[in-house]
1. If you line up the long axis of helix 51-67 against the longest principal axis of the chain, both from Cα atoms, how many degrees apart are they, to the nearest 10?
2. Specify whether the C-alpha gyration tensor of segment 29-102 places it in the rounded, prolate or oblate class, a ≥ b ≥ c being the square roots of the eigenvalues: rounded for a/c under 1.5, otherwise prolate if a/b is larger than b/c and oblate if not.
3. By how many degrees, 0 to 90 and rounded to 10, does the Cα axis of helix 94-110 deviate from the longest principal axis of the chain?
4. So what's the back-of-envelope 222 nm ellipticity for the chain, counting only DSSP H runs of four-plus at -39500 (n - 2.57) apiece and dividing by all residues, rounded to 500?
5. Quick one: order K29, K162 from most to least accessible surface, probe 1.4 Å.
6. Could you give the dipole magnitude of the chain about its Cα centre, charging the beta-carbon of Lys and Arg +1 and that of Asp and Glu -1, in debye to the nearest 20?
7. Counting only heavy atoms of the protein chains, get the accessible area per residue of the chain (1.4 Å probe) and round it to a whole Å² value.
8. Express in Å², to the nearest 10, the accessible area of V85 obtained by rolling a 1.4 Å probe over the protein heavy atoms while all chains stay in place.
Amino acid sequence: MTAFLLSQIIIGFAAFFDLLSFQFKERKKIIICFIFAVILIAIHFALLEQWTAAGLMALAAVRYITSLFTTSRQMVVLFSISSLVVTYFTYTGFISLISCAASLFQNGAAFSKEDKQLRQFMILATSCWIVHNIIIGSPTAVLLELLFITSNLVGYYRYYVKTPKEVAEA
């Protein structure tokens, strides 16, 4: 089995956790799903030798674990600086900047006190990852991010756009 094929299979497993994440309202459950997903996504990127993205996803696992215990704005700064350091040491061009931007938005999401703001930051981050994954040629990762953003938007609609009357009727 090639590294590419294995990476595509692994990203499929990550999709399960990503899709599941935004069907919860409780922030803690959303974050736990993210932890499992980013570990698998980091392995996917490593198999594709996308070291900035792999490093940022490994950092994301630590970030999400940390965010289970604190939503301190100081952690956003710490993990943002860490994201910049990872990007600096693994920089391979514009593609590294796209994954760094995604990571910076995810830092904001992880330490958001409210799930509404978490969802908004994740829409921005996911948009960056979609562009990144198109450029690196990982079709399953593009699909994962499209499913993820769709799941996020469905959850956002369910909890924040529907009128109270629509919620009562559902």
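1. 40
2. Verdict is oblate for segment 29-102.
3. The angle comes out at about 30 degrees.
4. -27500 deg cm²/dmol
5. K29, K162
6. For this selection, approximately 520 debye.
7. Values: 8360 Å² over 170 residues.
So the chain comes to 49 Å² accessible per residue, rounded to a whole number.
8. Spelled out: V85, probe radius 1.4 Å, area about 70 Å².
The values are calculated or read from the model by the stated rules, or taken from the named source; none is laboratory data. This structure is a prediction, so every number in the text was calculated from the model and none was measured. Cβ: placed from backbone, ideal geometry, glycine included. Neighbour counts: every protein chain shown. Ligands, DNA and RNA are stripped out before the accessible areas are found, and what is left, the full protein with its side chains, is counted by its heavy atoms. Shrake-Rupley method; radii C 1.70, N 1.55, O 1.52, S 1.80 Å.
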